[in-house]
Amino acid sequence: MRYILIAVVFAAGLIGNAWALSEKDKALEATISMEQAIQIATASQPGSKPYEVEMETENGRVTYRVQLTDADKKKYKVYVDAQDGKIVQKK
């Protein structure tokens, strides 16, 4: 019984990975560069500076998650669509 459970968990992991976009696939879908995404995000929060950028899939879209901080050490997350450069979400 234990081996069956291990096999099911392993198979589920393989299937889940097949549906997820690889980093290469995400990069191929992007039409704007990471540098452009950083510029867009920092323009939306004047006086902020980026400290981390990551490409991810958000609601079926490839986005750049740009994390910013300002002089008061307040942190922001800005999600920039990797295809059209529009801001999808700000936190």
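Can you confirm whether the stretch 69-80 contains a residue that is among the acidic types (Asp, Glu), surrounded by 14 or more Cβ atoms within 10 Å (Cβ to Cβ) and farther than 13 Å from GLU35 by Cα?
Within the stretch 69-80 (the criterion being among the acidic types (Asp, Glu), surrounded by 14 or more Cβ atoms within 10 Å (Cβ to Cβ) and farther than 13 Å from GLU35 by Cα), the answer is no, since none of the residues qualifies.
For the stretch 36-48, the tally of residues that are in a helix (DSSP H, G or I) and more than 14 Å from the chain's Cα centre (by Cα) stands at 6. Scanning the stretch 34-68 for residues that are touching a Lys or Arg at 6+ places or on another chain (Cβ under 9 Å) and surrounded by fewer than 16 Cβ atoms within 10 Å (Cβ to Cβ) yields a count of 7. Residues in the stretch 49-80 that are free of Cβ contacts under 8 Å to residues at least 24 places away in the same chain and part of a strand (DSSP E or B): 12 in all.
Throughout, read-outs are computed from the coordinates displayed, never taken from laboratory work. Every value quoted in this text rests on a predicted model; they were computed, and no experiment measured them. In this analysis, Cβ positions are derived from the backbone assuming ideal geometry, glycine residues included, and neighbour counts consider all displayed protein chains.
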